[in-house]
Amino acid sequence: MTDVDVLIVGGGPAGLSTALFLLHARPDLRGRVLVLEKARYPREKPCAGAIGGRADKLFASIGVDVDVPSVTVDGMSVVTAQGRAGHAIADIGRVVRRLEYDHRLAQIAASRGAVIVE
């Protein structure tokens with residue numbers, strides 16, 4: 001592929017989200033949005049796997065459900081030498097394995113018309 005309208009460097013959640021929202025807004029760009037990823041999916045990422053609740057809601061607004069195993073986060077706590085504090089909060093988000101999340105997100109982006117080059 002040598003002729004594209006949009007080039008996105010990086011196939012992590014930020015790059016793939018950009019492709020998905022762009023293709024939702026501009027379906028005429030199907031096949032013309034190129035995502036370059038330096039590794040091959042599924043690839044291990046040592047960084048955190050927390051997905052904010054707002055991200056899942058935004059994805060839902062364009063019909064995207066990244067259905068991978070996850071653990072819901074529904075509270076926060078802090079422990080210090082002075083004591084402990086905690087608070088329950090709904091819809092904070094969830095924790096996922098980036099190995100699974102990024103791979104599934106890439107599959108969804110490809111199915112929506114992004115061209116992904118690993």
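The values are calculated or read from the model by the stated rules, or taken from the named source; none is laboratory data. Source: prediction; values computed, not measured. Reconstructed Cβ throughout: ideal geometry from the backbone, glycine too, with neighbour counts over all protein chains shown. Accessible surface areas use protein heavy atoms only, side chains included; no ligands, DNA or RNA. Shrake-Rupley method; radii C 1.70, N 1.55, O 1.52, S 1.80 Å.
Between ARG84 and LYS45, what is 0.36 nm times their sequence separation minus the Cα-Cα distance? Round to one decimal in nm.
Gain in length upon complete extension: 10.9 nm.
Taking K and R as +1 and D and E as -1, what net charge do the other residues with C-beta under 12 Å from the C-beta of GLY113 add up to?
+2
Rounded to the nearest 0.05, what FRET efficiency do ASP5 and VAL117 give with R0 = 22 Å and r taken as the Cβ-Cβ distance? Could you check? Provide the component values of the computation, followed by the final result.
Values: r = 15 Å, r/R0 = 0.69.
With a Förster radius of 22 Å, E is 0.90.
Compute the signed sum of charges (Lys and Arg +1, Asp and Glu -1) over the other residues within less than 11 Å, Cβ to Cβ, of ASP5.
Details: positive: ARG26, ARG30, ARG32; negative: ASP3, ASP28.
Result for the neighbourhood of ASP5: +1.
Using only the Cα atoms of the chain, what do you get for the radius of gyration and for Dmax, in Å?
Calculated on Cα positions, Rg and Dmax stand at 16.8, 60 Å.
So for ARG32, ARG43, ARG54, ARG26, what's the accessible-area order with a 1.4 Å probe, most first?
ARG54, ARG26, ARG32, ARG43
In a shell of Cβ-Cβ distance under 11 Å around GLY52, excluding GLY52 itself, what net charge do Lys and Arg (+1) and Asp and Glu (-1) give? Working shown, then result.
Working: positive: ARG54, LYS57, ARG94; negative: ASP56, ASP91.
Once positives and negatives cancel, what remains is +1.
Sort GLU37, GLU118, GLU100 by accessible area with a 1.4 Å probe, largest first.
Numbers: GLU37 20, GLU118 80, GLU100 55 Å².
Ranked list, largest accessible area first: GLU118, GLU100, GLU37.
Among ALA19, ALA48, PHE59, whose Cα sits farthest toward the positive end of the charge dipole of the chain (+1 at Cβ of Lys/Arg, -1 at Cβ of Asp/Glu, about the Cα centre)?
ALA48
Mean-square fluctuation check for the chain, GNM, Cα pairs under 10 Å: which of GLY49, GLY11, GLY75 is largest?
In the Gaussian network model the winner is GLY75.
What residues have an amide H closer than 5 Å to that of GLY93, excluding those fewer than 5 places away on the same chain, when H is modeled at 1.01 Å from N in the peptide plane?
Close amide H contacts, sequence-distant or interchain: GLY53, VAL73.
Considering only protein heavy atoms and a 1.4 Å probe, what is the carbon-and-sulfur percentage of the accessible area of region 14-118? Don't skip to the answer; put the middle values down first.
Working: 3610 of 6420 Å².
Exposed carbon and sulfur together represent 56 percent of the surface.
Rounded to the nearest 20 debye, what is the charge dipole size of region 10-90 about its Cα centre when +1 sits on each Lys and Arg Cβ and -1 on each Asp and Glu Cβ?
Rounded to the nearest 20 debye, it is 280 debye.
Hey, can you rank 103-109, 66-72 by average C-beta count inside 10 Å, highest first?
103-109, 66-72
Which far-off residues, 5 or more places away or on another chain, put their amide H under 5 Å from the one on ILE116, with H placed in the peptide plane?
Distant-sequence amide H within range of ILE116: VAL35.
In terms of solvent-accessible area of protein heavy atoms at a 1.4 angstrom probe, what is the ranking of LEU23, LEU58, highest value first?
Reading off the accessible areas and sorting them downward yields LEU58, LEU23.
Skip the ligands, DNA and RNA, and give the accessible area per residue of the chain with a 1.4 Å probe, whole Å².
Roughly 61 Å² per residue, with all protein chains present.
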